1. Along each of the three principal axes of the Cα atoms of the stretch 75-163, give the extent in whole Å, ordering the values from largest to smallest.
2. Note down the net charge around L213, summing +1 for each Lys or Arg and -1 for each Asp or Glu among other residues with Cβ under 9 Å from its Cβ.
3. If packing is taken as the average number of other Cβ atoms within 10 Å across a peptide's residues, how do 98-104, 123-129 rank, most packed first?
4. Could you work out the pair-distance distribution P(r) of the stretch 29-101 from its alpha-carbon pairs, with 10 angstrom bin width and percents rounded to whole numbers?
5. Please compute the contact order of the stretch 1-157 in relative form: average sequence separation of alpha-carbon pairs under 8 Å and at least six residues apart, divided by the residue count, as a percent.
6. Quick one: dipole size for the stretch 165-211, taken about the Cα centre, charges +1 on Lys/Arg Cβ and -1 on Asp/Glu Cβ, in debye to the nearest 20.
7. In the neighborhood of F83, defined by Cβ-to-Cβ distances under 11 Å, what is the net charge if each Lys or Arg adds +1 and each Asp or Glu adds -1?
8. At a Förster distance of 35 Å, what's the computed FRET efficiency of T3 paired with N179, Cβ-Cβ distance as r, to 0.05?
Amino acid sequence: MTTQLLRVHNFMVSQDGFGAGENQSLEHPFGDAADPAALFSWAGATASWPMRTEPGGSRGLDDYFTRDWARNIGAEIMGRNKFGPQRGPWQDHDWRGWWGEQPPFRTPVFVMTHHPRPSFTLSDTTFHFVDADPATVLARAREAAQGKDVRLGGGAITIREFLDADLVDTLHVAVSPVNLGSGSRLWESPDELLDRFHRDVVPSPSGDVMHHLFWRR
């Protein structure tokens, strides 16, 4: 196994395995069936939440997981639906992601899409748009990461593609006690991964989620 790991961090799903509801839009980034507060409350409350604009926040285990998101990461891979709500050919090149002028990634980001567009840089994050299979995208991301690990940011369909290609080394998935019923599904059950991964399950001190930690057998 390469020493450059492909890591999933702080990915949040509902109890029935969905990372987002259906009908994603500009007004509803997580779809019309999703309650972002229910999925994100544990992380948004921590001191290390990367989008935090005010001092304070909780410490402890949840904060450790939030802080670990950036440790030794040299590049990120994400699906187009994580980058934005547009579908099909790009109609608006002025759209440059949900995160404003200072995205939290601070590394090269490779956005998987069937409709490439020119790369651009915001602050210390450069976005590249790639139409390729998971293995090819991972090879590009590893080269850009310059020896550090690569984070696989989501959404659920993109993570599933890399799992099905047997490319993921570690996963941290936070499961919230809500049901979405439909949308972008990561799994029917986390037990699906036990043929390839060890797993520990740790409750959040907040009681809001169960942390599922997977690493290769």
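1. 33, 27, 20
2. So the surrounding residues net to 0.
3. Output ranking for 98-104, 123-129: 123-129, 98-104.
4. Computed distribution, short to long bins: 15, 37, 36, 11, 1.
5. Relative contact order of the stretch 1-157: 28 percent.
6. 140
7. Net charge around F83: +3.
8. The formula returns an efficiency of 0.35 here.
Taken together, the values in this text are just the output of simple stated rules run on the coordinates, not laboratory data. All values derive from a computational prediction rather than experimental measurement. Positions of Cβ are backbone-derived with ideal geometry, glycine not excepted, and every protein chain shown enters the neighbour counts.
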